[in-house]
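Quick notes on the structure that follows.
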């Protein structure tokens, strides 16, 4: 354990923020991932997000996650992975793609498949900055590709109500609902 870690699960927000400041401050920068040295951090965050999500009982595939990231590096006009950094440490990421509406033509839509901020950062003052930074970056990426809408699906079950409130405060409107029904015991 380093000098900034704690084992007390009930540490106050101020104490967490103080520890996080010592680890790199509340300054968050966001950029598109496009280098192989981004891959390890993306995979670590994807694994963390998976294990925090409602899909945690499904085996995490490093191979699939790696292919998605590499595809974004190799096809940046259609796919993107954005990373949020505190100092040099990746603390959040988003994965998106742009394409036509599945039964329409003439308009591009961006679909955000995941927008994740690490739990440690999410519980600090920097969490909102990270979320908003990723969101702003995704909007810019989408505009630069001629996308007319950004569709963000909140389906992982990670703080869904909080995420929905945050999106509403930034101008996003609900266009439906997400529902899930377990169909068997193995993959529910």
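Couple of notes before you dig in:
- Members of the range 131-170 that are at pLDDT below 95 and on the phi > 0 side of the Ramachandran plot: 157, 159
- Single residue of the range 116-152 satisfying the filter (more than 11 Å from the chain's Cα centre (by Cα) and assigned to a loop (DSSP other than H, G, I, E, B)) that is surrounded by the most Cβ atoms within 10 Å (Cβ to Cβ): 124
- Residue under evaluation residue 158, criteria (1) assigned to a loop (DSSP other than H, G, I, E, B); (2) in contact (Cβ under 8 Å) with a residue 60 or more places away in the chain; (3) farther than 16 Å from residue 45 by Cβ; (4) under 13 Å from the mean Cα position of the chain (by Cα), criterion not met: (3)
- Scanning the range 148-155 turns up no residue that is touching a helix residue (DSSP H, G or I) at 6+ places or on another chain (Cβ under 8 Å) and in contact (Cβ under 8 Å) with a residue 60 or more places away in the chain.
- Some residue of the range 93-111 being over 25 Å from residue 146 (Cα atoms) and in contact (Cβ under 8 Å) with a residue 24 or more places away in the chain: no
- Matching entry among 80, 104, 92, 99 (being in contact with a strand residue (DSSP E or B) (Cβ under 9 Å, 6 or more places away or on another chain) and over 18 Å from residue 31 (Cβ atoms)): 99
- Residue within the range 63-77 that is in a loop (DSSP other than H, G, I, E, B), on the phi < 0 side of the Ramachandran plot, in contact with a helix residue (DSSP H, G or I) (Cβ under 8 Å, 6 or more places away or on another chain) and at pLDDT below 95 present: no
- Verdict on residue 65 being over 22 Å from residue 29 (Cα atoms) and buried (at least 16 other Cβ atoms within 10 Å of the Cβ): yes
- Condition met for residue 98 (touching a helix residue (DSSP H, G or I) at 6+ places or on another chain (Cβ under 6 Å), farther than 15 Å from residue 34 by Cα and either at pLDDT 95 or above or not in a strand (DSSP E or B) (or both)): no
The values are calculated or read from the model by the stated rules, or taken from the named source; none is laboratory data. Given the structure is predicted, the values throughout are model-derived calculations rather than measurements. Positions of Cβ are generated from backbone atoms using ideal geometry, with glycine treated the same way; all protein chains shown enter the neighbour counts.
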